[in-house]
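To start, the structure under review is shown below, and the notes come after it.
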Amino acid sequence: MATASSERLSIAGRIAITKRNDPDADLTELQRELKTVRLADHIRAAVETAPLPTPEQLERLRALLGGGGS
């Protein structure tokens with residue numbers, strides 16, 4: 001399992017503080033940002049250990065991320 005980045009820990013901490021200070025707070029944006037950072041951490045870890053993808057594989061990955069492709 002990948003270690004948590006400092007950004008990920010910071011956002012998780014902000015969520016916890018916000019919940020503690022206001023249990024009814026809208027956490028949508030913070031939760032969205034946390035999921036994005038978790039995904040980025042996972043992608044970073046995979047890229048560091050995987051061989052370079054082919055152009056076709058890159059296109060499939062771009063499509064998954066909403067960056068076009070087929």
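The values are calculated or read from the model by the stated rules, or taken from the named source; none is laboratory data. This is a predicted model, so every value here is computed, not measured. Backbone-built Cβ (ideal geometry, glycine too); neighbour counts: all protein chains shown.
Side notes on the structure shown:
- For region 5-23, the candidate set comprises residues that are closer than 23 Å to T49 by Cα and in contact with a helix residue (DSSP H, G or I) (Cβ under 7 Å, 6 or more places away or on another chain); within that set, the residue that is surrounded by the most Cβ atoms within 10 Å (Cβ to Cβ) is R8.
- Leading residue by the ranking (nearest to L65 (Cα to Cα)) among those in region 5-23 that are among the hydroxyl-bearing types (S, T, Y) and at pLDDT 95 or above: S10
- L58 vs. criteria in a helix (DSSP H, G or I), in contact (Cβ under 8 Å) with a residue 24 or more places away in the chain and either at negative phi or over 16 Å from the mean Cα position of the chain (by Cα) (or both): no
- Looking only at region 24-35, residues that are out of contact with any helix residue (DSSP H, G or I) (no Cβ under 9 Å at 6 or more places or on another chain) and either part of a helix (DSSP H, G or I) or at pLDDT below 95 (or both) come to 4 in all.
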